[in-house]
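Written below as structure tokens is the structure these notes are about.
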Amino acid sequence: MNNSSTSTNAHRTNSFDEKVFAFISSLAHQDAGLLIPIEKASMVFARLSKRIKILSLPNYEAYCKLLQSSEGQDERRNLISILTTNVTSFLRENHHFDVLMQDIIPKLIEKCKDGKRARIWSAGCSTGQEPYSIAMTILSAWPQAADHDFKILATDVDPIVLDTAKAGKYPSKDISKLPTEWITKFFHTSEQDMLAVKKEAKRLIVFRELNLMHPWPFKGQFDVIFCRNVVIYFSQETQNILWPRFENACLPGGTMFVGHSERIELDHAPSFQMVGHTMYKRRLGMLISKNDC
């Protein structure tokens, strides 16, 4: 009798957990395009448990009801925050920064000197190491960049990691692999074992919260787009929607960098041409569809 009862309760628990996971994963896909496979269920429940404890809710059911309520919109943003994985580092995939320094920045400098603007987008900037790496690369080549119309837009869906990015404070061990002259030039001691990015690099960057699945509020196009290790968390269907939007956001002749395990589906963004490992350039003079960005 007891064994039968235990077995039934276990079955109900598993069945209920499956429904919770299905609801959470569906909501994550609907709100942010995230694809969460069932293999990630233990990770999802571990993170949900911590959030439920913070909110002093009794169980998963109460949390799901909150997410569906009129008061749950902010919590839906928090949900996306706890489900996203933020792994980044300074000068990550450094071959991209070699190309940026050697081939791209000299042209953007000349463009700015001619009175034009230069724009770089770090999409999925996480805790800020990527846009700061871009800023330091630019300033190493042209210390006067911030005095011209040269800007980096850094966006992420997660407002919590954006707060870290805006603060620009990092443990010294996270910065140790940067060139010594960069550490001296672009950082100052903030507190014990923490270094902070100096204002010279911060001046180049504008941080904004942006869900890639929502309308993109900017009208201008970008000379360079970094969207690395972001679309791997999206379904193929979502990726196919995003590639033409990135295509529209990239200037003809502009460059887009993706992550080491990512590839742009050229059937959906035909004006992009692969020009190196995880590097694409938008062809000049090729018409594309006018999708909203």
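The values are calculated or read from the model by the stated rules, or taken from the named source; none is laboratory data. Computed from a prediction, not measured in an experiment: that's the story for all the values here. Neighbour counts run over all protein chains shown; Cβ positions are idealised from the backbone, glycine included. Accessible surface areas use protein heavy atoms only, side chains included; no ligands, DNA or RNA. Shrake-Rupley method; radii C 1.70, N 1.55, O 1.52, S 1.80 Å.
Can you pull a Stokes-Einstein diffusion coefficient for the range 209-287 at 37 °C (0.692 mPa s), Rh from Kirkwood over Cα pairs, as a whole number of µm²/s? Let's see the in-between values first.
Working: Rh = 12.7 Å.
Result for D is 259 µm²/s.
In whole angstrom, note down how far apart the Cα centers of the range 134-149 and the range 23-98 are.
36 Å
Leu284 accessible area, nearest 10 Å², 1.4 Å probe?
140 Å²
Considering only Lys50, Lys185, Lys151, give the residue with the highest GNM mean-square fluctuation for the chain, with springs between Cα atoms whenever their separation is below 10 Å.
Lys50
When the chain is fully extended, how far beyond the present Cα-Cα distance does Lys166 get from Lys107, taking 0.36 nm per residue of separation?
Values: separation 59, 0.36 × 59 = 21.24 nm, distance 2.80 nm.
Stretched out fully, the Lys166 to Lys107 stretch lengthens by 18.4 nm.
Go through Ile54, Ile36 and list them by solvent-accessible area, largest first, probe radius 1.4 Å. Display every interim value, and only then the final one.
Values: Ile54 120, Ile36 25 Å².
Largest accessible area first, the list is Ile54, Ile36.
Identify all lysines with a Cα-Cα distance to Lys177 below 17 Å; exclude those on the same chain that are fewer than 8 residues away in sequence.
Output for Lys177: Lys169, Lys185.
How compact and how long is the chain, expressed as Rg and Dmax of its alpha-carbon atoms in Å?
So, for the chain, Rg and Dmax equal 21.8, 84 Å respectively.
How many Å³ per residue does the convex hull of the Cα positions in the range 71-173 occupy?
Values: hull volume 12.5 nm³, N = 103.
Expressed per residue, the convex hull around the Cα atoms of the range 71-173 is 121 Å³.
Calculate the dipole size of the range 43-95 relative to its Cα centre from +1 charges on Lys and Arg beta carbons and -1 charges on Asp and Glu beta carbons; express the result in debye to the nearest 20. Before the final figure, lay out the partial values.
Numbers: 8 positive and 5 negative charges, 28 e Å.
Here the range 43-95 has a charge dipole of around 140 debye.
Can you tell me the dipole magnitude for the chain around its Cα centre, using point charges on the Cβ only (Lys, Arg +1; Asp, Glu -1), in Debye to the nearest 20? Can you show the working numbers first?
Working: 36 positive and 32 negative charges, 94 e Å.
Dipole of the chain, to the nearest 20 debye: 460 debye.
Go ahead and set up a Gaussian network model of the chain, Cα springs under 10 Å, then flag whichever of Ser133, Ser176, Ser271 fluctuates most.
Ser176
Tell me the accessible surface of Trp216 in square angstrom (1.4 angstrom probe, heavy atoms of protein chains only), to the nearest ten.
Spelled out: Trp216, probe radius 1.4 Å, area about 10 Å².
Run the helix sum for the chain: -39,500 (n - 2.57) per DSSP H stretch of 4+ residues, divided by residue count, reported at 222 nm to the nearest 500 deg cm²/dmol. All intermediate terms of the calculation are to be shown ahead of the outcome.
Numbers: 12 runs with 132 residues, N = 293.
For the chain, the value works out to -13500 deg cm²/dmol.
Using 18 Å as the Cα-Cα cut-off, could you pick out the over-long pairs in Lys107/Lys198; Lys116/Lys151; Lys111/Lys151; Lys166/Lys199; Lys151/Lys199; Lys219/Lys281? Intermediate values should be presented prior to the final figure.
Details: Lys107/Lys198 26 Å; Lys116/Lys151 12 Å; Lys111/Lys151 13 Å; Lys166/Lys199 11 Å; Lys151/Lys199 14 Å; Lys219/Lys281 20 Å.
Checking Cα-Cα distances, Lys107/Lys198; Lys219/Lys281 exceed 18 Å.
Return the percentage of antiparallel bridges among DSSP beta bridges fully within the chain, rounded to the nearest 5 %.
Working: 15 of 34 bridges.
Here the antiparallel bridges make up roughly 45 percent for the chain.
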